[in-house]
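Report on the structure given below.
The values are calculated or read from the model by the stated rules, or taken from the named source; none is laboratory data. None of these values were measured; they are calculated from a predicted model. Backbone-built Cβ (ideal geometry, glycine too); neighbour counts: all protein chains shown.
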Amino acid sequence: MSMGTKSTADCVRIIGDLIGFPTVSSSSNRDLLAYVQAYLARYDVASDILWNEEGTKGNLWATIGPAGLPGVILSGHSDVVPVEGQAWTGDPFLVREMDGLLYGRGACDMKGFIGVVLAAVPSLAKRPLKAPIHIAISYDEELGCTGVRSLVERVKAMKIRPALCIVGEPTSMQVIIGHKGGGMFRVIVTGKSAHSSLAPSAVNAIEYAAELIGYINNLAQAHAHFGPHDLGYDVAHSTLSVTTISGGTALNIIPNHCEFGFDIRSLPEVDARALIDRIRAHAESVILPRMKAVAPEASIVIEDVVQLIGLATEAEHPAVTFVKQLAGRNDHAKVAYGTEAGLFSIVAGVVSVVCGPGSIEQAHKPDEYIALSEVERCRLFIDRLASQLELGGLPWR
Ligand SMILES: [Zn+2]
């Protein structure tokens, strides 16, 4: 391994620059995008930005090589999770290198990957690639992959779609072909209040909410017992969990309001929408009529807060074999956390895998870091990709 080469030093410098932009999901990523655009322009690589409505955050898209052919998307999110309440031993937004590790918020999740990709640009721009590389940098990934959607729509609308998307989330360069989908939901139960001594004339929102929670819990247990199961996952079945609840104002008032939230993590073959339809049907046909019999204004509203799209790429797909060759390994795996790969795969119709430097163990933690050895492995991975695209394009196209 050629540690300490100029190329590795370039990666480290750019990763450090990226960490210097405090792109917590709640803040703008404008400065980071301006930095990337200026950097790309130095090598005559044009880029566009798809801004959000407020113009505060954007997705960047840049193409190197023959744009009209099916190519490879290298995708990373620019946003990072907050540092508040975490015991950092230094400034999270000032990179520090110690004992072969680079510390800083976003070091592995996922400015490490973006830095390695950018460091490869001077060489990529010079090489006569037979298939293009697209660089995609998104925002608001940490808020449920909400930012990237405009970019995914754009990819979907391309006349010639890319043949592969590699999302560089920290997998220690393991090739990930599947992750769960699902979503997060809010339920608002409205009843009718009364003094607790007059309970039969009231509609107790908490008690009816509890009934619906019981139903959700039964569904969760049915999935745990009867499946479907996929032993490729640590938790082999789909899960449904109630995660928040509030309601009631006083010990002697029947509450007219209860709100709770729940989270579904479904195997890719389980349709989370169908689960929600069942929950909604139960609320409307079994619970609500009894509430309305006492108070016609009673209601149960189920809202989507976040939708998570699962990833289920065929292990035998030649694109997966291709990525394994680039990574120098033969295995693949499935992971519990969600990524933008599900959107690129399901919505844009581009075969997608997750493979990137650093470990998910370090993501979101205080003193987040990426090992320089991981940076180097990713650098070699991108270098092999470039050589492949220069020599023969994509072998399965
Ligand atoms: Zn991430």
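Let's see how each residue does on (1) part of a helix (DSSP H, G or I); (2) within 30 Å of residue 380 (Cα to Cα):
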| residue | (1), (2) |
| --- | --- |
| 161 | no, yes |
| 171 | no, yes |
| 174 | no, yes |
| 197 | yes, no |
| 211 | yes, no |
| 219 | yes, no |
| 229 | no, no |
>> Please count how many residues of the range 3-23 are modelled with pLDDT under 95 and farther than 17 Å from residue 122 by Cα.
In response: 2
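Which residues, counting only those in the range 73-86, are more than 14 Å from the ligand (Cβ to nearest atom) and either in a loop (DSSP other than H, G, I, E, B) or more than 19 Å from the chain's Cα centre (by Cα) (or both)?
Taking the range 73-86 as the starting set, the residues that turn out to be more than 14 Å from the ligand (Cβ to nearest atom) are 73-74, 83-86.
Matches in the range 73-86: 83, 84, 85, 86.
Within the range 166-180, which residues are of a type outside the set (Val, Ile, Thr) and away from the ligand (no atom under 16 Å from the Cβ)? Don't jump to the end; show me each part of the working.
Residues of the range 166-180 that are of a type outside the set (Val, Ile, Thr), as a first pass: 168-170, 172-174, 178-180.
Hit for the range 166-180 is 178, nothing else.
Given the residues 109, 91, 99, 79, which is the only one that is touching a Pro at 6+ places or on another chain (Cβ under 6 Å) and not β-branched (Val, Ile, Thr)? Talk me through it step by step, then tell me what you get.
Working: 91 fails: touching a Pro at 6+ places or on another chain (Cβ under 6 Å); 99 fails: touching a Pro at 6+ places or on another chain (Cβ under 6 Å); 79 fails: touching a Pro at 6+ places or on another chain (Cβ under 6 Å).
Matching residue, one of 109, 91, 99, 79: 109.
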>> For the list (1) of a type in the set (Gly, Ala, Ser); (2) surrounded by fewer than 18 Cβ atoms within 10 Å (Cβ to Cβ); (3) under 15 Å from residue 106 (Cα atoms); (4) in contact with a helix residue (DSSP H, G or I) (Cβ under 8 Å, 6 or more places away or on another chain), I need the number of the one condition that residue 25 fails.
In response: (2)
> What helices (runs of 4 or more DSSP H), lying completely within the range 267-333, carry at least 2 residues that are over 30 Å from residue 397 (Cα atoms) and in contact (Cβ under 8 Å) with a residue 40 or more places away in the chain?
Replying inline: 272-282, 288-294
> Out of 350, 335, 375, 354, which single residue is away from the ligand (no atom under 13 Å from the Cβ), among the aliphatic types (A, V, I, L, M), surrounded by 20 or more Cβ atoms within 10 Å (Cβ to Cβ) and within 15 Å of residue 309 (Cβ to Cβ)?
Replying inline: 350
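One line per residue, one yes/no per condition, for (1) more than 25 Å from residue 375 (Cβ to Cβ); (2) charged (D, E, K, R); (3) crowded, with 22+ Cβ neighbours inside 10 Å; (4) away from the ligand (no atom under 16 Å from the Cβ):
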| residue | (1), (2), (3), (4) |
| --- | --- |
| 122 | no, no, no, yes |
| 125 | no, no, no, yes |
| 128 | yes, no, no, yes |
| 133 | no, no, yes, yes |
| 138 | no, no, yes, no |
| 141 | no, yes, yes, no |
| 155 | yes, no, yes, yes |
| 160 | yes, no, no, yes |
| 164 | no, no, yes, yes |
